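Novice: Sharing a structure, written as structure tokens. Questions coming.
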Amino acid sequence: MAVSEVPETIVHCPACGVAMDVSALVPFTKVECPACGKQTRVKREFGPYTLVRRHAVGGMSMVFVARDNTLGREVALKILSEEFSKDERRIAAFEEEARITASFSHPNVVRVLRTGRAFERFYIAMEFVPGGHFEHHIHKRGKIPELELLPLAIEVAQGLKAAHAAGLIHRDVKPGNILLDAEGHAKLVDFGLALVTQGGKAQATELWATPCYVPPETVERYEEDFRSDIYALGASLYHALSGRPSCGEETMATDILRAAKKKVIPLSATDPDVSAETCRTIERAMAYDPNDRFGSYDEMIASLAVSLSNLKSGRPESTGSAAIRRAEKKRRERKAVVAGSVVLAIATGVALWWVGLPRPDPMVEIRATPEVDSPPVIVPDTSVDIARTYREARASVAARDFENAAVRFSALANHPAVQEPSRTWAGIEAVMVRFLDGQSGEARRQARETADHMRSLSEGKQGPGEALLEILGRLDALPPMAVPDVPEGGASRVIASMLAGLKNWEQGMIDPAAACFRAVVSAELPPTDGWVSIYQTYAADYLADHELLSGSLFNEDPPDRVGCEAAMDELNAVLAMLKTRGHARSNVRARQLDLARRAKLLETAGPVVPVHSAVPDQPVKLPDVLARLGDFARDCRFQDAVIHLKSLPGDPQGAARSSLLAVAEAAEVFLTDLEHGLANRPVATELRLKSGEITSHIAIDSHGGITATLANGRERPCQWSDFSPDALI
């Protein structure tokens with residue numbers, strides 16, 4: 001194993017002392033010693049702090065709960081991610097955040113304790129606030145009662161007032177940055193986007209904000225002042241009181257967001273139970289024009305205090321205002337009904353008068369068709385939204401955010417306004433990115449939906465063609481797929497080969513998969529099909545991983561225990577080098593487990609001799625193999641299944657033993673990792689047992705025994721076979 005140039009990235013196993021290079025791992029990663037199997041957390045010591053647990057993950061950093069080894073207290077440790085730790089501009093911004101937050105002190109602002117570096121990452125140690133944030137409480141409770149929220153709103157405003165007095169604007173006020181301490185008081189956190197204004201205005205060089213809460217002037221890239229924070233605070237309170245954000249847009253596109261900010265539904269209409277005074281306060285705070293907002297924090301705090309006082313005193317303006325507004329609404333509705341009745345009576349009289357007029361020709365019956373003065377049917381123009389979703393989906397593919405891309409492609413595939421063949425292509429790309437994300441089950445489910453959609457199209461509208469429809473239908477099949485011969489060529493041929501390669505890869509047949517990926521990489525695309533070139537890049541990644549997985553580490557068994565342990569060390573390096581997700585990592589983990597078993601056998605029984613080395617006299621029947629594997633699977637004995645498959649003298653008729661072995665090894669790795677993740681730590685989760693009982697918690701002791709706590713509080717011992725596979729996954 002290569003020795004890292006940075007000594008702190010070499011960690012020694014606490015059980016056997018073997019050296020492990022953890023330079024490629026993120027802080028607080030749980031690793032298993034390749035020599036003895038002992039699990040340990042690495043990269044935990046950051047200066048005088050020891051990481052205890054992961055608390056939150058942000059766009060540029062991770063937050064951990066840590067123990068201050070000097071003072072014996074809990075702190076929040078904000079650690080800049082590896083990507084941004086190499087960016088001097090981001091480091092400077094991170095340091096500026098710490099300096100800004102430490103430059104003033106207020107009970108409603110989280111305190112910064114110190115800054116430092118460890119493992120080439122910058123960190124900020126802050127006061128730990130244990131009560132969660134507004135966003136969590138909104139998600140859990142739906143909305144926060146007005147009487148409970150108003151005191152907290154006043155505290156946040158006071159914290160912002162203190163920042164303003166120090167010459168700062170926060171620029172990222174949102175529910176996720178408003179924390180609650182153990183006594184239930186509000187504290188503002190995360191001055192990472194703050195600007196120094198010295199009481200005046202300033203303009204940001206970058207637009208980093210959350211669309212729901214960002215003020216209009218930020219969207220327009222105008223100068224900002226403290227009134228921008230007042231808008232964001234108003235939008236946060238709107239969300240907390242109504243249970244829904246004031247703006248549903250998730251894009252930062254100026255035109256779209258500007259229009260959304262101008263069409264915010266008043267809080268009084270969104271939730272009539274909120275008092276009129278509070279509604280007026282929040283609607284003024286969220287005025288589109290900064291000049292129409294509060295002129296100072298004192299003014300806003302006074303308005304919030306009046307609302308709180310009215311609520312506590314039970315004055316009609318507060319507790320009765322909702323009933324008053326509902327009564328007024330009913331009076332307006334009754335007036336509308338009366339007015340409609342008068343109009344109808346007049347129209348009826350006119351019609352009767354018209355019927356009584358003399359006819360020009362008594363032999364001709366004249367039927368008058370009444371003209372109803374109804375508004376025209378408005379068909380919303382969704383083309384802009386569709387185009388935006390496509391752009392965002394493609395950008396997510398390029399950024400390797402496959403989960404986000406899958407959500408957007410699936411939305412397009414299910415949108416009736418998307419025209420063919422774009423709608424079908426969206427469904428196919430949803431399949432692709434699910435595979436790229438390692439979610440092969442979801443990929444096959446999406447493939448079935450897309451194939452059903454293609455079959456439902458009228459003749460001549462199949463879009464990508466029958467060849468791709470056939471490919472989608474074979475993604476569930478066990479036999480490997482050869483490089484598809486697609487007559488259409490271009491994008492269709494590349495996508496078909498990529499799908500076939502991904503299917504083979506996820507089923508453990510990496511050699512047939514590599515043949516398909518080589519066809520993808522070598523394909524020449526016309527300019528009109530340039531959009532699929534990104535998949536050629538990802539096919540090259542799979543070929544790089546194929547080269548790693550085809551070496552001697554996977555094909556040759558070491559002759560002794562030392563060789564097995566050395567190979568396991570090398571496989572740790574292979575894991576760090578993998579470019580793809582999904583089966584490749586399972587393949588490495590399965591090989592490590594195989595080597596660990598071999599090392600134990602060599603230690604106790606000497607050299608291992610293969611059970612079968614000659615060509616079998618009798619063919620292996622697939623039904624017999626599947627029946628035996630079914631017995632193992634029912635008891636979750638996947639290690640025994642692996643041993644059984646390796647003992648077979650050859651491939652069963654009609655199936656590849658390597659494919660069956662890949663499935664069994666993946667299942668074994670899944671349960672092993674699951675057991676490691678649950679070891680000695682009860683996890684709250686609702687799982688349905690095969691008996692129909694529902695768990696509230698599940699835990700595994702040091703001996704591998706599973707204990708489930710049921711919804712009624714009763715504990716019962718369990719086996720993995722007591723759970724359905726779907727529940728565990």
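Novice: Roughly how big is the range 489-578's charge dipole about its Cα centre, with Cβ charges of +1 (Lys, Arg) and -1 (Asp, Glu), in debye to the nearest 20?
Specialist: 500 debye
Novice: What is the sum of charges, Lys and Arg at +1 and Asp and Glu at -1, for the other residues whose Cβ falls under 12 Å from the Cβ of Glu283?
Specialist: Residues near Glu283 contribute +1 overall.
Novice: Take the solvent-accessible surface of the protein heavy atoms, probe 1.4 Å, and return the percent of it on the range 426-556 that carbon and sulfur atoms account for.
Specialist: 49 percent
Novice: Once you've got the Cα coordinates, tell me which of Lys30/Lys600; Lys140/Lys187; Lys579/Lys690; Lys143/Lys187 are over 26 Å apart.
Specialist: Lys579/Lys690
Novice: Continuing with this model, one more query. Might you report the magnitude of the Cβ-based charge dipole of the range 398-479 about its Cα centre, with Lys and Arg at +1 and Asp and Glu at -1, to the nearest 20 debye?
Specialist: Magnitude of the dipole: close to 60 debye.
Novice: Given bins 10 angstrom wide, list per bin the percent of all Cα-Cα distances in the range 30-154, short to long.
Specialist: P(r) over the range 30-154, rounded to whole percents: 11, 34, 32, 17, 5, 1.
Novice: Is the range 513-590 rounded, prolate or oblate when judged by the Cα gyration tensor, a ≥ b ≥ c being the square roots of its eigenvalues, rounded requiring a/c under 1.5 and prolate requiring a/b larger than b/c?
Specialist: Cα axes put the range 513-590 in the prolate bin.
Novice: So, taking all protein chains as they sit and a 1.4 Å probe, how much accessible area belongs to Ile386, in Å² rounded to tens?
Specialist: Probe radius 1.4 Å; accessible area of Ile386 about 30 Å².
Novice: From the Cα gyration tensor of the range 388-475, with a ≥ b ≥ c the square roots of its eigenvalues, which class applies: rounded if a/c is under 1.5, or else prolate if a/b is larger than b/c, or else oblate?
Specialist: Oblate is the answer for the range 388-475, as a/c is 1.5 or above yet b/c matches or exceeds a/b.
Novice: Relative to 2.2 N^0.38 Å, what does the C-alpha radius of gyration of the range 105-180 come to as a ratio? Two decimals please.
Specialist: 1.28
The values are calculated or read from the model by the stated rules, or taken from the named source; none is laboratory data. Values in this document were obtained by computation on a predicted structure and should not be read as measured data. No Cβ is skipped: glycine too gets one built from the backbone with ideal geometry, and neighbour counts run over all protein chains shown. Ligands, DNA and RNA are excluded from the accessible area calculation, which covers all protein heavy atoms including side chains. Shrake-Rupley method; radii C 1.70, N 1.55, O 1.52, S 1.80 Å.
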